[in-house]
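Engineer: The structure's right below; bear with me while I get my questions together.
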Amino acid sequence: MKKLNIPTKIITFLLLLTLSLSQASGTVQAASTRPSDTSKAGSGNILAGVTGTFERVEKAKILKRINEIRKEACEKGYPNPSNGRKLTPSDYRPMKWSSNLELVALLRAAESTVNESHTRPNGQSCFSIRYNGEQSWAENLAWNYSGLMAGIEQWYEEKNDWVNQNANAVTGHYTSLINPAYQFIGLGSFRRSTGGWYGVSAEFSSSNAGSQTQSKLKGKKVQTIEVSKKNLSNPSLNAPSKLKVKKTKQLTVSCNINYPGIMGGTNTTKGRILKGVTWKSSKPSVLHVNSSGKITAKKAGKATITAKVKGGFSVKKTITVTK
């Protein structure tokens with residue numbers, strides 16, 4: 001059996017093939033915004049907000065199941081992913097939590113619902129993310145309708161193929177779980193408000209320089225995701241058609257974010273542009289707009305608000321100001 005050098009960046013993903021891909025569109029709802037790993041988009045990219053819900057499962061439950069899987073492999077002498085020899089009970093090392101890997105996993109879980117791939121929506125490798133100087137050395141992804149714990153079971157389903165050394169099967173998710181070289185893990189789970197699967201991410205490493213405290217993040221958030229401008233379509237300006245004098249309103253620009261679906265077709269996500277928009281009013285004396293897109297009705301009349309995305313499209317809407 002071929003010897004593997006550890007650490008090595010293993011890129012693996014899994015999908016429940018019995019599910020059909022169904023992505024719905026909807027209105028982005030108000031929720032607090034969570035940052036990405038960068039505050040400035042790279043060339044050809046833009047920062048977009050995707051609304052969804054982060055699932056939180058207690059790390060004790062997660063680690064209990066993963067360590068059951070690891071211990072079974074050692075006690076039953078399954079092949080060691082590091083060297084091909086049989087694992088022994090003395091090879092068993094319980095997996096521990098990493099707060100930095102969890103931060104990677106939370107972002108990757110959200111990103112994987114936008115681009116169902118180990119390639120990030122910004123075009124970079126999944127291993128480009130670093131928190132407090134730490135990165136992942138192996139990534140497992142899963143998509144399902146049940147959430148994080150179901151994702152672990154999806155990866156575990158590869159066990160028989162690994163034990164039987166089925167060269168034609170995908171086994172990388174299972175081997176990441178049982179590999180004694182990986183001793184730290186972080187997981188995340190995210191589901192878009194517009195529908196579709198949970199995206200589940202597990203990030204692995206052989207070392208940990210940070211805390212083992214689990215994040216308290218859960219519930220609805222707007223996750224900032226760096227996406228390629230070429231993957232945007234159907235821009236729209238979210239603005240009222242009428243506004244009374246002295247009233248204000250925050251405007252936003254929404255669009256579709258489109259990437260190839262893992263089962264074919266197009267995976268479309270509804271998002272809004274968070275940075276890189278220039279705002280202009282045709283009649284500031286009637287309707288003023290500031291640099292962040294907040295409008296203030298000054299006097300009765302009509303004015304057209306234009307929002308221009310840097311290096312991309314423009315959208316506009318005429319608003320009537322009434323007394």
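The values are calculated or read from the model by the stated rules, or taken from the named source; none is laboratory data. It should be emphasised that the depicted structure is a prediction, and the values quoted were computed from it without experimental measurement. Reconstructed Cβ throughout: ideal geometry from the backbone, glycine too, with neighbour counts over all protein chains shown.
Engineer: For the stretch 132-144, name all the residues that are surrounded by fewer than 24 Cβ atoms within 10 Å (Cβ to Cβ) and over 17 Å from residue 261 (Cα atoms).
Structural biologist: 132, 133, 134, 135, 137
Engineer: So for the stretch 53-62 (the condition being among the hydroxyl-bearing types (Ser, Thr, Tyr), at pLDDT below 95 and either closer than 22 Å to residue 147 by Cβ or not in a loop (DSSP other than H, G, I, E, B) (or both)), does at least one residue qualify?
Structural biologist: no
Engineer: Criterion first (outside any helix (DSSP H, G or I) and either more than 15 Å from residue 99 (Cβ to Cβ) or among the aliphatic types (A, V, I, L, M) (or both)) does residue 187 satisfy it?
Structural biologist: yes
Engineer: What number of residues within the stretch 49-81 are under 29 Å from the mean Cα position of the chain (by Cα) and in contact (Cβ under 8 Å) with a residue 24 or more places away in the chain?
Structural biologist: The qualifying residues number 20.
Engineer: Output the residues belonging to the stretch 260-305 that are modelled with pLDDT of 95 or more, of a type in the set (A, V, I, L, M) and out of contact with any Lys or Arg (no Cβ under 9 Å at 6 or more places or on another chain).
Structural biologist: Within the stretch 260-305, 273, 274 meet the criteria.
Engineer: Then there is this: Out of everything in the stretch 190-204 that is aromatic (Phe, Trp, Tyr) and either outside any strand (DSSP E or B) or over 12 Å from the mean Cα position of the chain (by Cα) (or both), what residue ends up being modelled with the lowest pLDDT?
Structural biologist: Let us first name the residues in the stretch 190-204 that are aromatic (Phe, Trp, Tyr), namely 190, 197-198, 204.
Next, only the ones that are either outside any strand (DSSP E or B) or over 12 Å from the mean Cα position of the chain (by Cα) (or both) stay: 197, 204.
Numbers: 197: 95, 204: 98.
Within the stretch 190-204, the match that is modelled with the lowest pLDDT is 197.
For (1) farther than 17 Å from residue 67 by Cα; (2) free of Cβ contacts under 8 Å to residues at least 12 places away in the same chain; (3) hydrophobic (A, V, I, L, M, F, W, C); (4) not assigned by TED's automatic domain parsing to the domain that holds residue 74, each residue gets a yes or a no:
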site: 106; (1), (2), (3), (4): yes, no, yes, no
site: 136; (1), (2), (3), (4): yes, no, no, no
site: 143; (1), (2), (3), (4): yes, no, yes, no
site: 152; (1), (2), (3), (4): no, no, yes, no
site: 169; (1), (2), (3), (4): yes, yes, yes, no
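Engineer: Among the residues of the stretch 32-39, is there at least one that is over 30 Å from residue 236 (Cβ atoms), of a type outside the set (D, E, K, R) and touching a strand residue (DSSP E or B) at 6+ places or on another chain (Cβ under 8 Å)? Reasoning before the result, please.
Structural biologist: From the stretch 32-39, those over 30 Å from residue 236 (Cβ atoms) are none; that's our starting set.
Checking the stretch 32-39: not a single residue is over 30 Å from residue 236 (Cβ atoms), of a type outside the set (D, E, K, R) and touching a strand residue (DSSP E or B) at 6+ places or on another chain (Cβ under 8 Å).
Engineer: Look through 261, 312 and report the one residue that is touching a helix residue (DSSP H, G or I) at 6+ places or on another chain (Cβ under 9 Å), assigned by TED's automatic domain parsing to the domain that holds residue 240 and either free of Cβ contacts under 8 Å to residues at least 12 places away in the same chain or surrounded by fewer than 20 Cβ atoms within 10 Å (Cβ to Cβ) (or both).
Structural biologist: Among 261, 312, only 312 is touching a helix residue (DSSP H, G or I) at 6+ places or on another chain (Cβ under 9 Å), assigned by TED's automatic domain parsing to the domain that holds residue 240 and either free of Cβ contacts under 8 Å to residues at least 12 places away in the same chain or surrounded by fewer than 20 Cβ atoms within 10 Å (Cβ to Cβ) (or both).
Engineer: Something else now. Which is at pLDDT below 85 and under 16 Å from residue 176 (Cα atoms), of 86, 2, 71, 9?
Structural biologist: That would be 9, the only listed residue that is at pLDDT below 85 and under 16 Å from residue 176 (Cα atoms).
Engineer: Among the residues that make up the stretch 158-167, is at least one of them acidic (Asp, Glu), outside the structural domain of residue 316 (by TED's automatic domain parsing) and in a strand (DSSP E or B)?
Structural biologist: No, the stretch 158-167 contains no residue that is acidic (Asp, Glu), outside the structural domain of residue 316 (by TED's automatic domain parsing) and in a strand (DSSP E or B).
Engineer: Quick check: anything in the stretch 205-221 modelled with pLDDT of 95 or more, in contact with a Gly (Cβ under 6 Å, 6 or more places away or on another chain), over 30 Å from residue 70 (Cα atoms) and part of a strand (DSSP E or B)?
Structural biologist: no
Engineer: Residues that are of a type in the set (Lys, Arg): find the strands (runs of 3 or more DSSP E) completely inside the stretch 234-323 holding 2 or more of those.
Structural biologist: Because the criterion is at least 2 residues that are of a type in the set (Lys, Arg), the strands (runs of 3 or more DSSP E) in the stretch 234-323 that meet it are 242-244, 266-273, 301-309, 314-322.
Engineer: Now a separate question. Give the residue, chosen from 219, 301, that is assigned by TED's automatic domain parsing to the domain that holds residue 59 and over 27 Å from residue 44 (Cβ atoms).
Structural biologist: Among 219, 301, only 219 is assigned by TED's automatic domain parsing to the domain that holds residue 59 and over 27 Å from residue 44 (Cβ atoms).
Engineer: Same structure, new question: Is the stretch 114-131 home to any residue that is among the charged types (D, E, K, R), surrounded by fewer than 22 Cβ atoms within 10 Å (Cβ to Cβ), out of contact with any strand residue (DSSP E or B) (no Cβ under 7 Å at 6 or more places or on another chain) and under 19 Å from residue 209 (Cα atoms)? So that I can check it myself, show each step before the final result.
Structural biologist: Step one: of the stretch 114-131, the residues among the charged types (D, E, K, R) are 116, 120, 130.
Filter once more, so that each one left must be surrounded by fewer than 22 Cβ atoms within 10 Å (Cβ to Cβ): 130.
Filter again for out of contact with any strand residue (DSSP E or B) (no Cβ under 7 Å at 6 or more places or on another chain), leaving 130.
Then drop every residue that is not under 19 Å from residue 209 (Cα atoms), which leaves 130.
Yes, the conditions are met somewhere in the stretch 114-131.
Engineer: Still on this structure, please answer the following. Out of all the residues in the stretch 82-104, which are out of contact with any helix residue (DSSP H, G or I) (no Cβ under 6 Å at 6 or more places or on another chain) and either of a type in the set (Gly, Ala, Ser) or without any contact (Cβ under 8 Å) to a residue 60 or more places away in the chain (or both)?
Structural biologist: 82, 84, 85, 86, 88, 90, 98, 99, listed by residue number.
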